[in-house]
Amino acid sequence: MTIKTTPEQNKALVLEAFDTLFNKRDYRVATRFWSDAYIQHSAHIEPGREGLFALIRSAPDTLRYEHQLIVAEGDYVIVHGRFSGNGRPVAWIAADVLRIEDGRLAEHWDVLQDEASNAESRSGRPMFGDTFPT
């Protein structure tokens, strides 16, 4: 049976899924959000749902995800967010693109960039939120 979801339901699904996996680290509950046949296009992550879960298991306990903007059209969601506390010198700013199928995250692409400081920003504007990282 195919589950049809609205763009608003898809946005809520992605935000809850990201919070469950990246912030709460609840892998049991996270399996409800990610498809068994999850397709991973990120160059930073091993294939499938288990590749993503293994990456998060290996990340520092300080890893946190927060979103700033989320848009959806049909079965696709794009979320602009920040991954901080990731063990790197600076946070990653991400644009994650997800395809939803049958009410679960089925496919993923991302674009990642190191977050620039005020001194590094040629535009003079932060990449995430209203202030530069401290």
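May I ask for the Kirkwood hydrodynamic radius of the stretch 56-134, worked out over all distinct Cα pairs and given in angstroms to one decimal?
Numbers: mean 1/r = 0.0722 Å⁻¹.
Value: 13.9 Å, from the Cα pair sum.
Rounded to the nearest 10 degrees, the inclination of helix 7-18 to the longest alpha-carbon principal axis of the chain is 70 degrees.
At 0.36 nm per residue, and after removing the present C-alpha to C-alpha distance, how many nm does the segment from residue 37 to residue 15 gain when stretched out fully?
Working: separation 22, 0.36 × 22 = 7.92 nm, distance 2.00 nm.
Difference between extended and current length: 5.9 nm.
Comparing 45, 97, 55 along the charge dipole axis of the stretch 23-134, the residue lying farthest to the positive side is 55, per the Cβ-charge model. Counting neighbouring beta carbons within 10 Å and listing from fewest to most, the residues 112, 105 come out as 112, 105. Rg over Rh for the stretch 7-114 works out to 0.92, using Cα positions for both radii and the Kirkwood form for Rh.
Taking other Cβ atoms within 10 Å as a rough exposure proxy, 49, 57 sort from fewest to most as 57, 49. Placing +1 on the Cβ of every Lys and Arg and -1 on the Cβ of every Asp and Glu, with nothing else charged, gives the stretch 7-114 a dipole about its Cα centre of roughly 380 debye.
FYI, it's all coordinate maths here, none of it is from the lab. Owing to the predicted nature of the structure, the values given are computational and were not obtained by experimental measurement. When we count neighbours, we look across all protein chains shown, and the Cβ atoms used for this are built from the backbone with ideal geometry, even at glycine.
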